[in-house]
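Values quoted throughout were computed directly from the atomic coordinates according to the rules given, and no laboratory measurement underlies them. Nothing here was measured: the structure is a model prediction, and the numbers come from that model. Here the Cβ positions follow ideal geometry from the backbone for every residue, glycine too, while neighbour counts run over all protein chains shown.
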Amino acid sequence: MTAVPNNSNSLLERLLSGQAIALAKSITAVENDTAQAAELLTGIQPHLGRALVVGFTGPPGAGKSTLVNALIVELRRREQSVGVVAVDPSSPLTGGAILGDRIRMSEHTRDPGVFVRSLAARGHLGGLSPMAARVIDVMDASGRDVVVVETVGAGQSEVEIAEIADVRVVISAPGLGDDVQAIKAGILEIADILVVNKADLPLAERTVSQLKSMLSLREGEMAEVPVLSTTATTGEGIVALADAVEERKGVAVTAEDRAARALQRVRRLLADATAQRVRQLIRAVDGANVDDLCAQVQRGELGVDDAAARLLRQLQQPEDRDGA
């Protein structure tokens, strides 16, 4: 057997052909920002927008991982290939993902139609790892029919999922929070589908009623959001959830929507690359100059915005000289 050259071009070709090993290697390259990552991310751009990205978010304890696992079973029954990006809490020692979600989904490890990747949140408060968007793109390019994104479960700050998912599923559990909590602004307002999981527990019907009452006060699309009951451990309500996701896809995921999301992806990549470049330049600047700016800010002699402007001018000067 002839060995396949291990270069970025052949890796890209194997990724686009749907090879699981190439998908794993590509995600690793993107996560670690290796030399292959930039070429891979450029190469996959024309192949994005085919997968349906379904985001799951909600407070800790709502049973997101178990619900996602049950949905995977139903999607596979419908012969759809699935990629899962599970954003786990970070280890305080290594910064890596604790991998709780991957353990819960271990039953799918032998299924080539399912690929699960855990990402560390690394202290990010928006519910998603900064690398999540890139990993989703890589899974999309690999030909997965559905990419499921499960956020870390930090609560109402998890609105970033709205910018990245085609369909947003917000999960609650019976008795989580008081009556007022159900009508607060935040993650509930980004929902395309509301799910009350653990419907076999007391207060489940009350929680469903609260959510429906909240929606009745809204106007426009928010008033049309379905409220579903599920029990992920038994599979109750999972078929209805999969049907609701499919229905939402037909209604909301238009060509214009896909084009707007594609533009958002490129903007995000550009912003990430620019931020990385600035960090590299800052490391190259005389540390004493940066420390002096920080000291001036601490003493109240200089505002943060003014300090940033001065630092940017310092960063531009070496490049100006190089280009002269």
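The order of THR233, THR109, going from fewest to most other C-beta atoms within 10 Å of their C-beta, is THR109, THR233.
Ranked for footprinting exposure by Cβ neighbours inside 10 Å, fewest first, ASP33, ASP291 give ASP291, ASP33. Near the amide H of LEU228, within less than 5 Å, lie the amide hydrogens of LEU194, VAL195, VAL196, all on another chain or at least 5 residues away, with H placed in the peptide plane. Exposure proxy for ARG14, ARG206, ARG299: other Cβ atoms within 10 Å of each Cβ, ordered fewest to most, give ARG299, ARG206, ARG14.
Taking Lys and Arg as +1 and Asp and Glu as -1, the other residues whose beta-carbon sits under 14 Å from that of GLU79 total 0. Residues whose amide H falls under 5 Å from that of VAL84, counting only those 5 or more places apart or on a different chain, are PHE115, VAL116, ARG117, VAL148, with hydrogens built in the peptide plane. Report note on the peptides 54-66, 34-46: ranked by the mean count of other C-beta atoms within 10 Å, highest first, their order is 54-66, 34-46.
Highest mean packing first, where packing is the average number of other Cβ atoms within 10 Å per residue, the peptides 25-31, 304-310 line up as 25-31, 304-310.
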